[in-house]
Amino acid sequence: MGKRILVTGGAGYIGSHTAVELQNAGYEVIIVDNLSNSNENVIDGIERITGVRPAFERLDCNDKEGMQAVFTKYPGIEGIIHFAASKAVGESVQKPLLYYRNNLVSLLNLLDLMPQFDVKGIVFSSSCTVYGQPDILPVDESAPIKPALSPYGNTKQICEEIINDTIHAGAPFRAILLRYFNPIGAHPSAEIGELPLGVPQNLIPYLTQTAMGIRKELSVFGNDYNTPDGSCIRDYINVVDLAKAHVIAMNRMIERKAADNVEVFNLGTGRGVSVLELINSFERATGVAVPHKIVGRREGDIEQVWANPERANNVLGWTAVESLDDTLASAWRWQEKLRERGIM
Ligand code: UD1
């Protein structure tokens, strides 16, 4: 048996892809997920891809006694990848306490329990949202942290600070903070992918549901930004590429190869793509039209952000390799699979 890794939120979008890559790399994966934004079928998908069924505990990370019981049931957990969190920006504005409670308490519980169970390190899911609208693009890890525009964004900043403070106070473990840009696409097998409950807030699920005819048209939020075609620019990164970075980060941490007790890496491609370019790429990659219209700006949107991923490239030896067209095609195959299965 490989080394044991606890993956919180492992039934979710990025968590499930990471569980697959961890198992492919020989790790033993234990998933804790409360299924608040996912489904137990995802565990079946992970098993179909890898041939191994990860251990699964349906549990809220805010339940400290429950988490303690997990560490007791699975002795020798060496590392944690902490994905479990609420992530809808708009909802966080409506329900700030829910976001602060979910995202902060779950982390506090893990950091409390880690020394007790001798866990060597934690990889934390952070976001490029911590940079706000950067003054310099592409943005690197030394860019200043800007005041958060939403409670969701604020939880990511506070969680980074909590981890930094805890480790600087001498906690006996290490941490790697991974700042994701915009993860998209699905596993090439189309066995797992992004499955938002209800009306999608994020661009790609809305786009693929529109292409499928589930939604009438995609709204492009604004064409009057100071960008070449007026629509917002993001750094869209393939979710499998992103998942692989977690495996490298975990190896580095538990093999004690990290230069510092806390390290931070941007995970992006280094390529900025506008909303309108993305729609064109999807239509080119799949041959399927996406009905869309320009509407007003969405409150809280950043105009443009893309990564300088050089630190991850050079220090982790990780680079995003999948092309945008292949990634969009994978998102479409996943949407088609949902239709075949009668899910959507
Ligand atoms: C946001 C957060 C990010 C968070 C992620 C998770 C910010 C700055 N970013 O990413 O931290 O991790 O959500 O949910 O808070 N768009 C449309 N039409 C749509 C949907 C989106 O035009 O129907 C546009 C948006 O204006 C944006 C781009 O598509 O320019 C990407 O939007 P989205 O997928 O929601 O991600 P972010 O807002 O970049």
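Rule-based calculations on the coordinates, nothing more; no lab input. Please read these numbers as outputs of a predicted model, since none were measured by experiment. Heads up, the Cβs are rebuilt from the backbone with ideal geometry, glycines too, and the neighbour counts pull from every protein chain shown.
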Which percent of Cα-Cα pairs in region 79-191 sits in each 5 Å bin, short to long?
-> 2, 11, 20, 21, 18, 15, 10, 3, 0
What's the longest bit of the chain with no exposed trypsin sites (Lys or Arg not before Pro), using DSSP loop states and at most 12 other Cβ atoms within 10 Å as the test?
-> 1-215
Expressed to one decimal in nm², the mean projection of the alpha carbon convex hull of region 58-123 is 4.6
Between Met212 and Val199, what is the label-to-label distance in nm when each label sits 7 Å out along the Cα-to-Cβ direction?
-> 1.7
Residues with amide H under 5 Å of Ile122's amide H, sequence separation 5 or more or different chain, H placed in the peptide plane at 1.01 Å from N; which?
-> Ile80, Arg174, Ala175, Ile176
Across region 198-344, how many lysine pairs, 8 or more apart or on two chains, come within less than 24 Å at their alpha-carbon atoms?
-> 4
Can you tell me the equivalent ellipsoid semi-axes for the chain? Use √(5λ) from the Cα gyration tensor, largest first, whole Å.
-> 31, 23, 19
Rounded to the nearest 10 degrees, what's the angle between the helix 151-168 long axis and the longest principal axis of the chain, both from Cα atoms, 0 to 90?
-> 30
Which stretch or stretches of region 76-118 have amide N atoms under 11 Å from the point lying 7 Å from Arg298's Cα along the Cα→Cβ direction?
-> 88-91
So what is the relative contact order for region 194-265, in percent, with contacts set as C-alpha pairs under 8 Å and at least six apart?
-> 11
Rounded to the nearest Å, what's the spacing between the alpha carbon centres of region 276-320 and region 24-72? Just the number, please.
-> 30
Express in nm, to one decimal, how much length is gained between Tyr74 and Ala169 on full extension, taking 0.36 nm for each residue of separation and deducting their alpha carbon distance.
-> 31.4 nm
Exposed GluC sites (Glu not before Pro) absent - longest run of the chain, DSSP non-H/G/I/E/B, at most 12 other C-beta within 10 Å | 41-216
³J(HN,Hα) computed for each position of region 218-227 - Karplus, 6.51 cos²θ - 1.76 cosθ + 1.60, integer Hz, glycine/proline x = 8, 8, 8, 7, x, 10, 10, 7, 7, 9
So what is the relative contact order of the chain, in percent, for Cα pairs below 8 Å that sit 6 or more residues apart?
-> 19
R0 of 30 Å, Cβ-Cβ distance Arg284-Ile343: FRET efficiency to nearest 0.05 | 0.65
At 0.890 mPa s and 25 °C, Stokes diffusion of region 176-274 via Kirkwood alpha-carbon radius, µm² per second | 154
Go ahead and estimate [θ] at 222 nm for the chain from helices alone: -39,500 (n - 2.57) per DSSP H run with n ≥ 4, summed, over the residue count, rounded to 500.
-> -11000 deg cm²/dmol
